[in-house]
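Single-structure report; data block below.
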């Protein structure tokens, strides 16, 4: 039977960030095999973002803000707060994908409205504060092998970055304020990955540079379950540009002003219970994450790394997103070997995420995994119920790749249950989202083939 390989292929690869250089937060992605077939539906894209309110206490948010703003992903400390002082202008350069213009306009409009930051397109012929330079992925990898997209200071292009990287000029820790930055994004990737890069890297170009695995409700998290800026992220950016703060302030100076700022910006968070001491994840756990999610190591190595993640999380006494993510990584690592163990690990992660603010997006990822298992096992009604629960959450989160996958599962389950009209409606809906989420027609058809294979296993079984 092909059930285990098919399920392993279906597992969505999270674009986990790694710190390949001291100054470049990056994301990663992988491609899928090819299948031929009829023409696909036109690409769909998201229009209106439904923001969920911030659901955490101000004491926690203050601690998160300091850890985000005064450290790099490498663990290095930043001596002072830095930001752009004055209006921020943004320009596109290089081989700009067609979808980038609209997605950049949307995220800048949200930053203006939700974070109160004056960020706009650069007037023609004028130098921009931030230049988003689109380059072929192969060229990027020759310079920074593990990078999919990243942001660097004091330069305005990929070429300038390559020329300056050895000089120390692009070291974030050497800044006292921000005047110029470049975001480097692949030109030959899916519209969703382009959009995800625009959200995270633009937010880091203007705001905090760090990512924290403990955050359940933020794109400032290397697990990358959230693909667009959340209400928490917008609050963090609003704090970063509050008039009470300025470039050059030390961590102690910022910490002294945060209680008043948060009481003013987030009154609902006053007096709300906190999570207790929230530590930075140790390097051993982060390194285990990198291995557990890496497509370049063996299945056995991924399982060993996921086991290390879970052991460290338990030893640290974590009860937060990091413990849940450790269970999730273990579930992913077991998909091709032990379906019972994978299901138990996914459910353990789900139990934790259901209790965390922002955890509903992560629960939807688990629902997709469990729906795929149900489809492959012939439990078609259960697969439909799981997609019913996940799809509204995923639409709000604007994850087109996950939405398309859920709709494809739904189509196959309806087909197996003798509901051709419902199956066709779900299939057609899935294809437009798949074009945005997966990019190429080959990758869309590969995903269709994977899910069709699961349904065939379920019917045969």
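For a label point 7 angstrom out from the Cα of residue 351 toward its Cβ, which stretches of region 295-327 have the backbone nitrogen within less than 13 Å? Within reach of a label on residue 351: 324, 327. Note on residue 301 and residue 388: the model spin-label points, each 7 Å out from Cα along the C-beta direction, lie 4.4 nm apart.
Dividing the summed -39500 (n - 2.57) terms of all DSSP H runs of n ≥ 4 by the residue count of the chain sets its mean residue ellipticity at 222 nm at -16500 deg cm²/dmol. Rounded to the nearest Å, what's the spacing between the alpha carbon centres of region 384-407 and region 72-106? Just the number, please. That distance is 29 Å. With the cut-off at 1.5 for a/c, could you classify region 364-439 from its C-alpha gyration tensor as rounded, prolate or oblate? Note, shape of region 364-439 comes out oblate. Here the calculated FRET efficiency for residue 278 and residue 157, from their Cβ-Cβ distance with R0 = 41 Å, stands at 0.60, rounded to the nearest 0.05.
For the pair region 120-172 / region 252-322, the C-alpha centres are spaced 29 Å from each other.
Ratio of alpha-carbon Rg to the 2.2 N^0.38 Å globular estimate for region 250-335, to two decimals, please.
On the way: Rg = 17.8 Å, N = 86, 2.2 N^0.38 = 12.0 Å.
Normalised by 2.2 N^0.38 Å, the Cα Rg of region 250-335 equals 1.49.
Between 0 and 90 degrees, the angle of helix 100-110 with respect to the longest Cα principal axis of the chain falls at about 60 degrees.
Computed from label points 7 Å out along Cα-Cβ, the spacing between residue 381 and residue 96 is 5.3 nm.
Maximal additional length on extending the residue 459-residue 112 stretch stands at 119.8 nm, based on 0.36 nm per residue less the C-alpha distance.
Quick one: order 283, 76, 332, 214 by neighbouring beta-carbon count within 10 Å, fewest to most. Don't skip to the answer; put the middle values down first.
Working: 283 10, 76 15, 332 24, 214 21.
Exposure proxy ranking, most exposed first: 283, 76, 214, 332.
Given R0 = 45 Å, the distance between the Cβ atoms of residue 166 and residue 417 translates into a calculated FRET efficiency of 0.15.
Quick check of the Kirkwood formula: for region 58-269, what is the inverse mean of 1/r over all pairs of different Cα atoms, in Å? Please report the intermediate quantities before stating the final value.
Values: mean 1/r = 0.0575 Å⁻¹.
Hydrodynamic radius (Kirkwood, Cα pairs) of region 58-269 is 17.4 Å.
Mark the label point 7 Å from the Cα of residue 264 along Cα→Cβ and return the residues of region 214-240 whose backbone N is within less than 19 Å of it. Once the point is set 7 Å along Cα→Cβ of residue 264, 234-240 turn out to lie under 19 Å by backbone N, inside region 214-240.
Could you put 96, 289 in order, starting from the residue whose Cβ has the fewest other Cβ atoms within 10 Å? Spell out each step's value before the answer.
On the way: 96 16, 289 26.
So the ranking, lowest neighbour count to highest, is 96, 289.
Binning the C-alpha pair distances of the chain at 20 Å intervals from 0 yields a P(r) profile of 25, 58, 17, 0 %, listed from the shortest bin outward.
How big is the antiparallel share of DSSP beta bridges in the chain, given as a percent to the nearest 5?
Working: 7 of 22 bridges.
Within the chain, antiparallel bridges account for around 30 percent of the total.
Give the order of 60, 450, 179 when sorted by the count of other beta carbons within 10 angstrom, beginning with the fewest.
Values: 60 19, 450 23, 179 13.
Ordered from fewest to most neighbouring Cβ atoms within 10 Å, 60, 450, 179 come out as 179, 60, 450.
Just to be sure I understand the curve: with the Debye formula and one point per C-alpha of region 44-89, what is log10 I(q)/I(0) at q = 0.30 Å⁻¹? Values returned for q = 0.30 Å⁻¹ are -1.02.
Readers should treat all values here as calculations from the given coordinates under stated rules, not as data from a laboratory. Please read all numbers here as calculations on a predicted model, not as lab measurements. FYI the Cβ positions are ideal-geometry reconstructions off the backbone, even for glycines, and counts take in every protein chain you see.
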